[in-house]
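Read-outs throughout are calculated quantities, based only on the coordinates presented, and are distinct from any laboratory measurement. The model shown is predicted, which means the values in this text are computed figures rather than measured ones. Quick reminder, even Gly has a Cβ in these numbers, built from the backbone with ideal geometry, and neighbours come from all protein chains shown.
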Amino acid sequence: MSSRWLHPGAWWLWSLCLAAAASQTTNPLLLGLLISAAVIVVAARKPDAPWGKSFEFFLFLGAMIITIRVLFQIVFGAGFGTTVLFELPGVSFPDWMSGLRLGGSVTLEAILGAFYDGLRLATIAIVIGAANSLASPTRLLKAVPTALYELGVSIVVALTFIPQLTTDAGRIREMRRLRGRNSKGLKGFVSLGLPVLAGALDRSIILAESMDSRGYGRHQKETTLGRRVSISLVLTSLSLALIGVYSLLTAGTSASVAILIVSIGLILGGVTLWRAGRTRVRTVYRPDTWALPEWLVSIAGVAVLGVFLVARISPDQALILRPELNTWPSLPLWGLLAFGIACTPAITTPPPPAFDIDTNEPVGAEALT
Amino acid sequence: MISFQHVTFRYAEESQPVLRDLNLEIPAGELALLLGATGSGKTTFLRAINGLVPHFTGGHFTGSVSVNGRSTQVNQPRELADLVGFVAQDPVSGFVTDLVEDELAYSMECLGINPPVMRRRVEEILDLLGLTELRNRPLHTLSGGQQQRVAIGSVLTAQPKVLVLDEPTSALDPGAAEEVLAALHRLVHDLGITVVLAEHRLERVMQYCDSILLLENGSIRSGTPSELMQTSSIAPPVIHLGRLAGWDPLPISIRDARRAAPPLRALLANHSPRVQAVPIQSPRIVEIKEVHCSYGKRTVLRGVDLVLDAGEITALMGRNGAGKSTLLRTLVGLKNQSKGTIQVNGVDPHTLAAKDLLRHVGFVPQEPHDLFESLTVAAECKSSDTDAGCPPGTTRALLALMAPDVQDGTHPRDLSEGQQMLLALCLIVAAKPPLLLLDEPTRGLDYPTKKKLGEVLRGLATAGHTVLMATHDVELVAELATRVVIMGDGEIVANGPTQSVITDSPMFAPQVSKVLAPDRWITVEQIAYVLNQELA
C-alpha cells in the first residue's frame, strides 16, 4: 500500500471507541488486551514526526495513574476484604465523618480493586494517547466543522502541548547537566517543571499571535441577539448530549430515554453548527480524503465498542466485565475477538509518509498529492 | 502606504513609553530597514503596523497607525491579514500546520479564498521562493533557511501589500541569508510589495534597502542609507571603513566601496595586517581523533580530528546542518560518539558525572534561557555558586562586571537577549571551565552588545580559557577568533589562522576583506591602526 496520511478523524474515532470500551470493564485481562492493541497499532503506524513521539509519555502517564490510585487506596482505603497483606499504623475518625480512615490493615482485595480501577483509567489515557501520536493534531483541525473551529483550535493547542513538553523536558534535562546538576531522580524531574512550563507558555503566545496575524477567526459581524441565541444553543445541545451519553454508559436509566436525549442534543447541535457556519468565511485547501482505509479503521473501533456494549447488556457476561476480586479474572472468547478487531488498523491502513532528511526528498511523495 | 500619526505607546508594567509621538510615512513599494539597539522598541514598532500592538500586548496606546487607509484602531490583526503579512522572529513557533503546502495555504483558508485560487497561488509562491521540491515535506525536517522562506511564503499567499519581517536572517548561515534576502529583493521588484524589516546584521541587508528608519529613545529618524550612515552609531563595517578612509559619497554596498578603494589600497600596500597573538606552547585542552557520530541512520560527523590549545579562540563555521552543534555536543558529553576518542582536559566528557563536568567544560546553548530555572537573577546567581562550588557572590560579581545594568530582582527571561546571553555565560564561567563552548552567541545581539561579548570572551581567553564557538557571524569571527575551523557535511574542510581561512572563501569573508581582496585585511581596526601610524 502506498504511503499517505490517514484522515485524522478515523484515528480519533477508533481510539475514542476503544476508550469507551475500556470504560465498560475492570477486567485486567480485557484492559491489557486493549492496551496491547493500542501499542501494536502505534508501533506499526506511528509517523516520524514530532507528534508521533508522544505515545511514550502516555504509557508513562498510565503507569503514574495506577501507582497513585493504589497508593491512595493504601493510605485512605476503607478496609474491606479479608485477606490482610500487612498492617499500617492507622487512625480511625469518628462516625460522623462517615468511615474516613487513614492507614490500618491493607487487604489484597482493596489493592486489587484499586489496581483494576487505576488500570481502567490508564487504558483510557493510553488509547487516547495512541490517537494523539497517530494523527497530526493540525490535520484534525482541518476536518473540524467551520463553526467549531475556535473550539477545535484550543483542543489542537492542547494536543500539540504534550509532544512539545516531552521534547522540552529532554532539552532542559540536558541543560541541567550543563550546569553541573544531577538530572535523574524525582528531584531532577520536579525541577524541570518551571522552565518547561515557561517555554511552553511563551510558545503558545507566539502561536496565537501568528494565527491571529494570519487571519484566524475572521468572521462577518453578528448581531448581539444572534450571538446570544448561538451561545444558548451550544450550551443546551452540549448538555443534552452529555447527559444522554452519561445515562447510556451508566446503569439506571432506560436506554430509550437516554437515546431520545442524545438525539435531541445532536439535532440541536446540528442547528447550532449550521447557524454558526453561516458567519464564517473559512475555506479548506485540499481536504483530507475519507476512503476505504478510513472506513475500515472506524468500523474496527465501532465494532470493538459494540462487542463490549453487547457484553454489558447480556446478564451472563456481567461477571466477566467486572470480575470478583477474590477469583482470577476470566478471558472470554469475544475478548480475543475484540482484540483482533482493534489491531486491524495496523494492517488495513497505509503507512504514513517517511522522510529521509539526508536525501531532501520525501519517500512516496506522489502518494501525498 | 504605512502611516504613523502621533503614535505613543507604553507597556502596562513600564513607566517610560517605548514609542514617543512617532510621525512617519512609508511610501508604497519601498524596502525600509529598521535600525536600533537591542531593547529600543524595534519589535514593538513592527508589531504596531499590523495591530498586534496594542491588541495583543495591552498597554497604553495613543495616536493612530493606518495601512493603506485602514486603521489598526478599528481593525484587529486578523482583519488586516489580507493587507499586512507579519513574519515573527522565530518562524518555527509560529507555524500552525505540519506540511509546507498546508502552511502556505493557511492564511488563504482563514480569508476564505476559493480552493482553485488557493492552488494557483500556492504554486506561484512555491516557484517564487524556490520551494517547489519541498512542497510535501513536514516543516520540522527543513533547514533554517528553508523554514524562513516558508514563513515568508505563508504570509505572501494572502497577497498582502505590506510585508513586515522581524530579524529574518538572524538564525541563518551566510548562504541561507543571501537566499532569503534575494527572495525579498525579488518581491519588491516584481510585485511592488512594501517591505519593513528589522535586522541586526546590517552587513547583510544594508545594500538592499531604499530607506532607513533609525529608532532611538522612542523616536525615529528616517532617510536614505547614505544620509543616515554619515553619523549613525549603528553601522556595518563597510560604513566604518568608508568613514575612516574619508570616502565621499559614503559607499553603502561592497561594490561601491571597492570602486572607491584604490587610494586606500596604495596606502596600505607597504603594510601587512596586524594579527592577534596566540599564546605559544600552552597546554593542550581538546584532542579529538577520528570521531564519528550519528542520529539514527543519519551520520552527522565523519571522522573529525581537532586539537585546541589553551588561550585560543576558535570559530566553528559552516552551513546549517554541517555538524557544528553536534561537535559541540560531543565535546560536552551530551552526545556519544559512535567511533573515535575525545579528550577534554585529559578526560572523556561523556564519562564525567554532572557535578564534575563544569570543572572541565562549559557550554552556553543557542537559547541561553534554557539554562535558567530561578525566578530572579539573584537566585539564579546564588544557585550557580552552589553548582560551581565557588564562594557565595562570585557569579553575581562576575555578572556585575559583564552587565552592570542588570537588576537583582528581574526575572531572567525578562532580560534582553544580550543580557540573557551574558547571564548564561556567567553561570557557566563561574566554575572556571578550561574549555568554553558557545553555540551562536551573537544571535539577535546589536553591535554594542556584540562588542561587549567580544571583550568578555577575549578576557577569558587571556586568562587561559579555551573558547570554541559555533557561529555564522563572519564579522565577529574576523574581530575575535584566532583560528577558524570550517565544517562541511560532517567533516572539517578547513582549519587554520583566521586571516587566511576567511579571506580564502567568499562565503565566509568579512566586508573589509571583500572590499580589499586579494589583500588579507579583515577588520576596520587593522586599517585604523595602520592609518594612525601613517599619520604619526
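For A:Thr344, B:Thr395, which order do you get if you count the other beta carbons within 10 Å of each Cβ and list the fewest first?
Lowest count first: A:Thr344, B:Thr395.
At 7 Å along Cα-to-Cβ for each site, give me the label-to-label distance between B:Thr410 and A:Ile347 in nm.
In this crude label model, B:Thr410 to A:Ile347 measures out at 6.3 nm.
Calculate how many DSSP beta bridges within chain B are antiparallel, expressed in % of all such bridges and rounded to the nearest 5.
About 55 percent, rounded to the nearest 5.
Nearest 500 deg cm²/dmol is fine: what mean residue ellipticity at 222 nm does the protein assembly as shown get from its DSSP H runs of n ≥ 4 alone, each adding -39,500 (n - 2.57), divided by its residue count?
So the calculated ellipticity at 222 nm is -15000 deg cm²/dmol.
With only Lys, Arg, Asp and Glu charged, each at its Cβ (+1 for the first two, -1 for the last two), find how big the charge dipole of the protein assembly as shown is about the Cα centre; round to the nearest 20 debye. Don't skip to the answer; put the middle values down first.
Numbers: 77 positive and 81 negative charges, 220 e Å.
Dipole size: approximately 1060 debye.
Please sort by residue number the trypsin sites (Lys or Arg not before Pro) in region B:446-536 whose DSSP state is loop and whose Cβ has at most 15 other Cβ atoms within 10 Å.
none
What ranking of A:Asp48, B:Asp439, B:Asp473 emerges when the number of other C-beta atoms within 10 Å of each C-beta is taken as an exposure proxy, fewest first?
A:Asp48, B:Asp439, B:Asp473
If you take the charge dipole of region B:2-235 about its Cα centre, with +1 on Lys and Arg Cβ and -1 on Asp and Glu Cβ, which of B:Asn68, B:Ile220, B:Gln230 is farthest toward its positive end?
The residue sitting farthest along the positive end of the dipole is B:Asn68.
Pop the C-beta distance of B:Ala269 and B:Asp210 into the FRET formula with R0 = 30 Å and round what comes out to the nearest 0.05.
Efficiency, rounded to the nearest 0.05: 0.25.
With point charges of +1 on the Cβ of Lys and Arg and -1 on the Cβ of Asp and Glu, referenced to the Cα centre of region B:377-536, which listed residue (B:Ala431, B:Ala494, B:Val377) lies farthest in the positive direction of the dipole?
It is B:Ala431.
Need one number: % antiparallel among DSSP beta bridges in the protein assembly as shown, to the nearest 5.
60
Residue by residue, what Karplus-based ³J(HN,Hα) values in Hz, rounded to whole numbers, does region B:3-20 have, using 6.51, -1.76 and 1.60 with θ = phi - 60° and x for Gly and Pro?
Each residue's phi maps through the Karplus curve to give 10, 10, 10, 6, 7, 10, 9, 9, 5, 4, 8, 10, 9, 9, x, 7, 10, 10 Hz.
Using only Cα atoms, locate the centre of region B:515-533 and the centre of region A:300-357, then give the distance between them in Å, rounded to an integer.
The distance from the Cα centre of region B:515-533 to that of region A:300-357 comes to 77 Å.
Can you give me the C-alpha center-to-center distance between region B:338-381 and region A:14-70, rounded to a whole angstrom?
Using only Cα atoms to place each centre, the spacing works out to 37 Å.
When a/c is below 1.5 the answer is rounded, else prolate if a/b is larger than b/c, else oblate, so apply that to region B:189-303 with a ≥ b ≥ c taken from the square roots of the Cα gyration tensor eigenvalues. Could the numbers behind the result be given before it?
Working: a/c = 2.40, a/b = 1.41, b/c = 1.70.
Verdict is oblate for region B:189-303.
List the residues whose amide H sits under 5 Å from the amide H of B:Asn320, counting only those 5 or more places along or on another chain, with H placed 1.01 Å from N in the peptide plane.
B:Asp173
Output ³J(HN,Hα) for region B:181-193: one whole-Hz value per residue in order, computed from phi by the Karplus curve 6.51 cos²θ - 1.76 cosθ + 1.60 with θ = phi - 60°, and x for Gly and Pro.
After applying 6.51 cos²θ - 1.76 cosθ + 1.60, I find 5, 5, 4, 4, 4, 5, 4, 5, 6, 7, 9, x, 6 Hz.
Can you work out the Karplus-derived ³J(HN,Hα) for every residue in region B:438-455? Use 6.51 cos²θ - 1.76 cosθ + 1.60 with θ = phi - 60°, whole Hz, and x for glycine or proline.
Ordered by residue, 3J(HN,Hα) equals 10, 10, 6, x, 9, 4, x, 9, 7, 4, x, 5, 4, 5, 4, 4, x, 4 Hz.
Would you mind ranking B:Lys324, B:Lys297 so that the residue whose beta carbon has the fewest other beta carbons within 10 Å leads the list?
B:Lys297, B:Lys324
Leaving out same-chain residues fewer than 8 places away, which aspartates and glutamates sit with a Cα under 13 Å from that of B:Lys161?
Result set, ordered by chain and number: B:Glu30, B:Asp82, B:Asp190.
Once amide H atoms are placed 1.01 Å from N in the peptide plane, what residues at a sequence separation of 5 or more from B:Phe363, or on another chain, have their amide H within under 5 Å of its amide H?
Sorted by chain and number, the residues that satisfy this are B:Leu437.
Among the listed pairs A:Lys46/B:Lys335; B:Lys355/B:Lys382; B:Lys289/B:Lys355; B:Lys450/B:Lys514; B:Lys324/B:Lys355, which have their C-alpha atoms separated by more than 18 angstrom in this model?
A:Lys46/B:Lys335; B:Lys289/B:Lys355; B:Lys450/B:Lys514; B:Lys324/B:Lys355
Under unit Cβ charges (Lys, Arg +1; Asp, Glu -1), what dipole magnitude, rounded to 20 debye, does region B:2-235 have relative to its Cα centre?
Using only the charged Cβ atoms, the result is roughly 400 debye.
Among B:Ile2, A:Val245, B:Ala353, which residue has its Cα positioned farthest towards the positive end of the charge dipole of the protein assembly as shown, with +1 placed on the Cβ of Lys and Arg, -1 on the Cβ of Asp and Glu, and the dipole taken about the Cα centre?
Ranked along the dipole, the leading option is A:Val245.
Excluding same-chain residues fewer than 8 positions from B:Lys432, which aspartates and glutamates have a Cα within less than 13 Å of its Cα?
Output for B:Lys432: B:Asp356, B:Asp385, B:Asp387.
Treat every Asp and Glu Cβ in region B:284-505 as -1 and every Lys and Arg Cβ as +1, leave all other atoms uncharged, and give the resulting dipole magnitude about the Cα centre to the nearest 20 debye.
480
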